[in-house]
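Enquirer: Structure incoming, see below.
The values are calculated or read from the model by the stated rules, or taken from the named source; none is laboratory data. Computed from a prediction, not measured in an experiment: that's the story for all the values here. Positions of Cβ are generated from backbone atoms using ideal geometry, with glycine treated the same way; all protein chains shown enter the neighbour counts. Just the protein is used for accessible areas: all its heavy atoms, side chains included, with ligands, DNA and RNA removed. Shrake-Rupley method; radii C 1.70, N 1.55, O 1.52, S 1.80 Å.
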Amino acid sequence: MLVKHILPRCNSMFIIWAWALSLMLPAQVIAKPLIITTTPTLAQIAEAVGGIDIQVKSLTRVGQDPNNLVPRPSHVHDLSSASLLFSVGFGLESRWLPTLIRLSANANIAPGMSGYFSGDDAIEAIGVPLGMTSTAMQQWSPDINPYWWLDPELGIKVALALAVRLGEIDPVNAERYKVRAAKFASAVNKQLPRWRDYMNIYTGPIITYHNTYVYFMQSMHIELAGFIEPKSGIEPSTRHLSQLIDTIHQKKVRLIWVEPYNNRAVARRLADAAGIRLMVLPDSVAGYGLKGYIGMFDRMVQRIARWSQ
Amino acid sequence: MILLTVLIATLVIAISLPVLGQRVLERRIVFVDLALAQVAATGYALGMALHMPGILIAIITTAIAVALMALMDEDTVLPKEAVMGAVYAFAASLGMVLLSLLPYGEGQLMGLMFGSILAINWEGIGILVAFSALGLALALTPHSNTYHGRLRFAAGLSLIIVPAIHAIGVLLVFAYLVMPALAVWRHGHNGPVWQATALAALASIIGTLAAHLLDLPPSATVVLTLGLISVIIGTIMHNMHHKTDNEKADEEDQEESSDQDGNKQRERTNDNP
């Protein structure tokens, strides 16, 4: 009687346990490394390299200033379970990222650890932009320029280095990461001559608000005529603006580029005073992986061409 | 050309803000401009985030804030500066939270309300002059501590402050509102309006030209110049007043003592018939 009573119970208990285990085991098997990036464009590079083998989340969104992020609990939560933190580096996120890393209590994503990867790990800081005189360079922001993702070739370099790092974190898929990074490199390289030709036809010297687009301009062989705000966050002088107006007339500059998140009012005033046009140029666009990254350059090139006519 | 608009814009606020600042100082509500600017900025950002005209929403939120502020009696037992500070903090936080709830709303939208002196053009100066004239006409009417009186003052104040901050930024507006009025402040009361205005105009000219020649940021340079001129002229005039007051007191003392001598002499003559 007792056996008869207990057996079915054991059976049902066993079935419940087995069911629970069956739920847990595959979950562990299919858990993909979570990659947290600081900007949407880095997320696209990570997606291009990691594909279906990783999960990617970006802390900032398209159109948001990556220099300034107001940290929220969800950011800390994301970082606490991250396998890899992929940041731009060169000081871009230095105002907010160290705090978030500390709060996440995830020792693995601290700088110097295997779960921390940034542009600094793969590339050198910027060289001298085209067309810049030595005096202009002295006035130029002393900060190291962090906007490397706007140079497609640097994007490739970082993607290749990221593939190696992902392979270390997730050795099972190491080969797949390398293959995808190589694909990314060839796809971007294939587009590069087209973008350059387009820019060669359509643009002359350009004035920009900050040094955001210097990498892009170098890569596309566009001459930089000057910055509206040479020192980031410090109001330019009236003398500097008058000199810029002179430069605009001398070099026949036809266009000013402004980042989506910078105050356009001063740039507009300068454009009106000099009688030239002002355009907002994206530094990231929505989209997934390789398509998204190439789409960003397509969008930039198209916008510039349209506004330069 | 940009130098000229910057100079004219700082001269416009040198005329409109010090006189208004004296009324503000008198009522001891100095933070009112920060509070109103923040309320407007919150409204502006919300409008932008909700795809409505930012300016319109800013006007509505500021009008509501003005109507509520006018409810506060001027002789209230509450410390009025603390109330203004609280309104500022509350408006800023409300804006932040509301923006964070929207899918693409960002804190940086709030910054769009705060302009730059470098961005102002002739049209902007025209608008600034028009709003300043309208605001002064409302705010400089005789003081009355009724709801209507307070409403008129707060409305006039916001008509000047909010467009000014939108056009040239909070730093210049706050400095021009309080520094000249403080420099001519005498014996717990406001000094002459012309002195405050002249001092501000002088700072506009010297500060703007110095910033241009020395290649410095104009807003901060003009504020520094205004601060220095205010301290120097304020100290000189304070000492002069102090001297004239002392001289007056001395004269009165002498008069009193000569009166006393006269009385004594009279007494003596009375004693010696």
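Enquirer: So, R0 is 25 Å and r is the distance between the beta-carbons of B:L98 and A:R95; what FRET efficiency does that work out to, to 0.05?
Expert: Rounded to the nearest 0.05, the efficiency is 0.60.
Enquirer: Per the helix-only calculation at 222 nm, which mean residue ellipticity applies to chain B, given -39500 (n - 2.57) for every DSSP H run of n ≥ 4 and division by its residues, nearest 500 deg cm²/dmol?
Expert: -27500 deg cm²/dmol
Enquirer: Would you tell me the accessible area of A:H221, worked out with a 1.4 angstrom probe on the heavy atoms of the protein chains, in Å² to the nearest 10?
Expert: 120 Å²
Enquirer: If you place +1 on the Cβ of every Lys and Arg and -1 on the Cβ of every Asp and Glu, how big does the dipole about the Cα centre of segment A:192-308 come out, in debye to the nearest 20?
Expert: Approximately 260 debye in magnitude.
Enquirer: Considering only protein heavy atoms, what is the solvent-accessible area of A:W195 at a probe of 1.4 Å, reported in Å² to the nearest 10?
Expert: Surface accessible to solvent at A:W195 totals approximately 0 Å².
Enquirer: Work out, step by step, the length gained on full extension between B:L11 and B:S144: first 0.36 nm times the residue separation, then minus their alpha carbon distance; give nm to one decimal.
Expert: 44.9 nm
Enquirer: Ok, one more. Leaving ligands and nucleic acids out of the surface, order B:F31, A:F216, A:F90 by accessible area at 1.4 Å, largest first.
Expert: Heavy-atom accessible area, descending, gives B:F31, A:F90, A:F216.
Enquirer: Using the Kirkwood radius over C-alpha pairs as Rh, can you work out the diffusion coefficient of segment B:2-268 via Stokes-Einstein at 20 °C, viscosity 1.002 mPa s, in µm² per second?
Expert: 106 µm²/s
Enquirer: I want to make sure I understand the PRE zone here: with the label point 7 angstrom from the Cα of A:N68 toward its beta carbon, which residues in segment A:83-125 have backbone N atoms less than 19 Å away?
Expert: Those under the cut-off are A:91-100.
Enquirer: If you plug each phi of segment A:223-231 into the Karplus form 6.51 cos²θ - 1.76 cosθ + 1.60 with θ = phi - 60°, what whole-Hz ³J(HN,Hα) values come out, in order, with x for Gly and Pro?
Expert: Taking θ as phi minus 60°, the curve returns 7, 9, 8, x, 10, 6, 10, x, 9 Hz for segment A:223-231.
Enquirer: I would also like to ask the following. I'd like the FRET efficiency for A:K252 and B:M72, computed as 1/(1 + (r/R0)^6) with the beta carbon distance as r and R0 of 60 Å, rounded to 0.05.
Expert: So, using R0 = 60 Å, E works out to roughly 0.55.
Enquirer: Note down the accessible area of B:Y88, probe 1.4 Å, to the nearest 10 Å².
Expert: 100 Å²
Enquirer: Let me ask you something else. How high is the FRET efficiency between B:V193 and B:M52 when r is their beta carbon distance and R₀ equals 30 Å, given to the nearest 0.05?
Expert: For R0 = 30 Å, the calculated efficiency reads 0.15.
Enquirer: Total Å² of accessible surface buried at the B-A contact, 1.4 Å probe, nearest 100?
Expert: Buried: approximately 2000 Å² between A and B.
Enquirer: Same structure, new question: How compact and how long is segment A:192-308, expressed as Rg and Dmax of its alpha-carbon atoms in Å?
Expert: Rg and Dmax of segment A:192-308, Cα atoms, are 14.2, 44 Å.
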